[in-house]
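K.L.:
Mind looking over this structure? Questions follow.
Read-outs throughout are calculated quantities, based only on the coordinates presented, and are distinct from any laboratory measurement. Not measured: the values here are computed from a predicted model. Glycine also receives a Cβ, built like all others from the backbone with ideal geometry; neighbour counts cover every protein chain displayed.
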Amino acid sequence: MIRSQTPDIIGDIKRGGTEIGCDRMAAQIRKAKKAKVLKEDCVACGACVKACPVSAIIIYKGITAEVDADKCIGCTKCVTACPASAIYMEAQE
Ligand code: SF4
Ligand code: SF4
């Protein structure tokens with residue numbers, strides 16, 4: 001059930017190359033889960049910043065990580081990298 005609800009981004013990449021395919025893929029990425037920071041748990045270590053392949057995370061004022069949801073592609077690498085369990089994935093509307 002979960003699998004059928006997951007956007008078929010890889011399938012689109014394999015079929016890709018068309019402008020329509022790219023538009024659809026971009027829309028699916030926008031709807032996919034995005035990383036979100038639990039600011040009270042973040043210790044501003046920067047591990048998530050280093051792990052993010054699209055530079056979607058900054059350390060805001062040296063205090064806490066912040067995710068740019070428009071850049072986030074939902075890869076979850078930041079979640080794995082965080083030593084404080086301060087990042088989770090949140091579904092978009
Ligand atoms: S889920 Fe991936 S793309 Fe999004 S902020 Fe984390 S590492 Fe970056
Ligand atoms: S890895 Fe975790 S604790 Fe470190 S800056 Fe990112 S969210 Fe904060």
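K.L.:
Are any of the residues in region 17-32 loosely packed, with under 12 Cβ neighbours inside 10 Å, more than 10 Å from ligand 2 (Cβ to nearest atom) and in contact (Cβ under 8 Å) with a residue 24 or more places away in the chain?
P.N.:
no
K.L.:
For residues that are part of a loop (DSSP other than H, G, I, E, B) and within 9 Å of ligand 1 (Cβ to nearest atom), tally how many sit in region 42-74.
P.N.:
Counting residues in region 42-74 that are part of a loop (DSSP other than H, G, I, E, B) and within 9 Å of ligand 1 (Cβ to nearest atom) gives 11.
K.L.:
Can you pull out every residue in region 37-93 that is acidic (D, E) and closer than 22 Å to A27 by Cα?
P.N.:
Scanning region 37-93 gives D68, D70, E90, E93.
K.L.:
Of the residues K77, K34, K39, which is more than 10 Å from ligand 1 (Cβ to nearest atom) and among the basic types (K, R)?
P.N.:
Exactly one of K77, K34, K39 is more than 10 Å from ligand 1 (Cβ to nearest atom) and among the basic types (K, R), namely K39.
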